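The block underneath contains the structure these notes are about, expressed in structure tokens.
Nothing in this text is a laboratory measurement; each read-out follows from the coordinates by a stated rule. In this text, all values refer to a predicted model and were calculated from it rather than measured experimentally. Note that we place each Cβ from the backbone using ideal geometry, even for glycine, and neighbour counts take in every protein chain shown.
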Amino acid sequence: MLTVAAGVLTAVGAVSAHARAAAAADLAALAAADAASGRIPGVPCDRADDVARANGAAIASCAQSGATVDVTAVSPWLGLGAAASARAGPGPGG
């Protein structure tokens, strides 16, 4: 019974860490794209790092191509990390 409970808690922790990383990556990419387009001041990847840290994650990578930014965020979990990536920028024709 204890082994099953430990397995369930481990799985729940992994899902939670991935959800945190995904949310941080999404928000960081949006903030970076806003900076890249000039909507807000700042350096896009610096903005991404600030937002990711505010959401309990760290930026593993950040790349800008014009006004589009790709971000990978990592959320700590059991001494490892759960990672998620996001891309933000102008839509087609915009």
So the angle from the long Cα axis of helix 44-54 to the longest Cα principal axis of the chain, reported in degrees to the nearest 10, equals 30 degrees
Between helix 2-37 and the chain, what is the angle of the helix's C-alpha long axis to the longest principal axis, kept within 0 to 90° and rounded to the nearest 10?
0 degrees
To the nearest 0.05, what FRET efficiency results for residue 78 and residue 46 with a Förster distance of 30 Å applied to their C-beta separation?
0.55
Rank the residues 75, 37 as a footprinting-exposure proxy: fewest other Cβ atoms within 10 Å of their Cβ go first.
37, 75
Order of 55-63, 23-31, 78-86 by packing, highest average Cβ count within 10 Å first?
23-31, 55-63, 78-86
Rounded to the nearest 500, the 222 nm mean residue ellipticity computed for the chain from DSSP H runs (n ≥ 4, each -39500 (n - 2.57)) alone is -17500 deg cm²/dmol
Let me know the charge dipole size of the chain about its Cα centre in debye, to the nearest 20, where only the beta-carbon of Lys, Arg (+1) and Asp, Glu (-1) is charged.
100 debye
Which ordering of 3, 72 is given by a fewest-first count of other beta-carbon atoms within 10 Å?
3, 72
Percent relative contact order for the chain, counting Cα pairs under 8 Å at least six residues apart, stands at 30 percent
Just rank 15, 71, 51, fewest to most, by other beta-carbon atoms within 10 angstrom.
15, 51, 71
